[in-house]
1. Which of the residues belonging to the range 25-40 are closer than 20 Å to Gln81 by Cβ and at pLDDT below 95?
2. Output the residue which, of all residues in the range 64-90 that are in contact (Cβ under 8 Å) with a residue 24 or more places away in the chain and closer than 11 Å to Leu26 by Cα, is surrounded by the most Cβ atoms within 10 Å (Cβ to Cβ).
3. Within the range 41-58, can you find the residues that are basic (Lys, Arg) and either in a strand (DSSP E or B) or in contact with a Phe, Trp or Tyr (Cβ under 8 Å, 6 or more places away or on another chain) (or both)?
4. Restricting to the range 35-78, name every residue that is of a type in the set (Phe, Trp, Tyr) and more than 19 Å from the chain's Cα centre (by Cα).
5. What number of residues within the range 22-40 are assigned to a strand (DSSP E or B) and under 22 Å from Arg90 (Cβ atoms)?
6. Scan the range 59-85 for residues that are charged (D, E, K, R) and either out of contact with any strand residue (DSSP E or B) (no Cβ under 8 Å at 6 or more places or on another chain) or part of a strand (DSSP E or B) (or both) and report the count.
7. Looking at Glu6, Glu80, Glu101, Glu116, which one is at pLDDT 95 or above and among the charged types (D, E, K, R)?
8. Within the range 43-69, can you find the residues that are under 15 Å from Glu20 (Cα atoms) and either modelled with pLDDT under 95 or not hydrophobic (A, V, I, L, M, F, W, C) (or both)?
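The values are calculated or read from the model by the stated rules, or taken from the named source; none is laboratory data. Here the structure is a predicted model, which is why all the values come from computation and not from measurement. Note that each Cβ is placed from the backbone with ideal geometry, even for glycine, and that neighbours are counted across all protein chains shown.
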Amino acid sequence: MSTQHETGATAPTTNRPWAELKSGALKAVIWENQGDQNRPFFSTSLVRLYQDAEKRWKESHSLGRDELLRAANLLTRAFEQIEAEERRRREASRANGGQAEGSPTNGHPARVLNGEDSLENRA
């Protein structure tokens, strides 16, 4: 089964993001997708977590004024993580004689980065 993405490319359906970065009630979820010629690319979703009246966790895409700067910083961190991963893969590809290093990391534990920028693997 495949999922259609904004770019028109399809990728295998997975339930696990490549990484999640958190800051307060905000979360940037980074997904790894497959593009043309099996080239991986990343997309990011920004959500705000909150609890409804029944204490169930929900997600919203609306941000208040006080959350805008936190969101900008979180998206900057997401950009930096993606950029570092792409650089790492380019360097690994060059070291392997130009062959791309593996396929997307679908199936691996997602990386969760909290406000202190620590890296945790989820089981």
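1. Answer for the range 25-40, where residues must be closer than 20 Å to Gln81 by Cβ and at pLDDT below 95: Asn33, Gln34, Gly35, Arg39, Pro40.
2. Leu74
3. Step one: filter the range 41-58 for residues basic (Lys, Arg), giving 48, 55-56, 58.
Those that are basic (Lys, Arg) and either in a strand (DSSP E or B) or in contact with a Phe, Trp or Tyr (Cβ under 8 Å, 6 or more places away or on another chain) (or both): Arg48, Lys58.
4. Hits for the range 35-78 are Tyr50, Trp57.
5. The total comes to 6.
6. Narrowing the range 59-85 to residues charged (D, E, K, R): 59, 65-67, 70, 77, 80, 83, 85.
Remaining after also requiring either out of contact with any strand residue (DSSP E or B) (no Cβ under 8 Å at 6 or more places or on another chain) or part of a strand (DSSP E or B) (or both): 59, 65-66, 80, 83.
Result for the range 59-85: 5.
7. Matching residue, one of Glu6, Glu80, Glu101, Glu116: Glu80.
8. At the first step, the residues of the range 43-69 found to be under 15 Å from Glu20 (Cα atoms) are 43-49, 59.
Scanning the range 43-69 gives Ser43, Thr44, Ser45, Arg48, Glu59.
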